[in-house]
Amino acid sequence: KLFVFCFLLRLEPVIAGLEGPNNTPFISATDLIGAPVFADDFAVAGTNIESLYGACESFYKPDMDPEQLFETLAQTLMNGMDRDALAGWGGIVHIITPEGTTTKTLKTRMD
């Protein structure tokens, strides 16, 4: 029972923001034991990492505007959730720009 309990409480944070006076993007993620991964383009976490990496590699392009980035994130998350029953039923996307943060909620199928 302990294994099942620990599995359900797994946590793999993705950290993103803008740093410095030039607002340089910062993206990082950690695995279950806290080992950091630093990236220049994207970072993924969760039970469906392989599908998420594949979708990110296919859809992501450098220098996208906020709307293009949101659409890419939304499609990546929804496609990943369709392929993994443990992934959940939606997501929250935060787009961080020097002007502020925009938050949108994604709702996916619930079957």
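The values are calculated or read from the model by the stated rules, or taken from the named source; none is laboratory data. In this text the structure is predicted, and so the values were computed from the model without any measurement. Neighbour counts are summed over all protein chains in view; Cβ atoms, including those assigned to glycine, are modelled from backbone coordinates with ideal geometry. Protein only, heavy atoms only, side chains kept; ligands, DNA and RNA dropped before computing areas. Shrake-Rupley method; radii C 1.70, N 1.55, O 1.52, S 1.80 Å.
It is to be established whether one or more residues within region 60-74 are in contact with a Cys (Cβ under 7 Å, 6 or more places away or on another chain), open to solvent by less than 60 Å² (accessible area, probe 1.4 Å) and assigned to a loop (DSSP other than H, G, I, E, B).
no
What about ALA16, is it touching a His at 6+ places or on another chain (Cβ under 8 Å) and touching a residue at least 12 places away in the same chain (Cβ under 8 Å)?
yes
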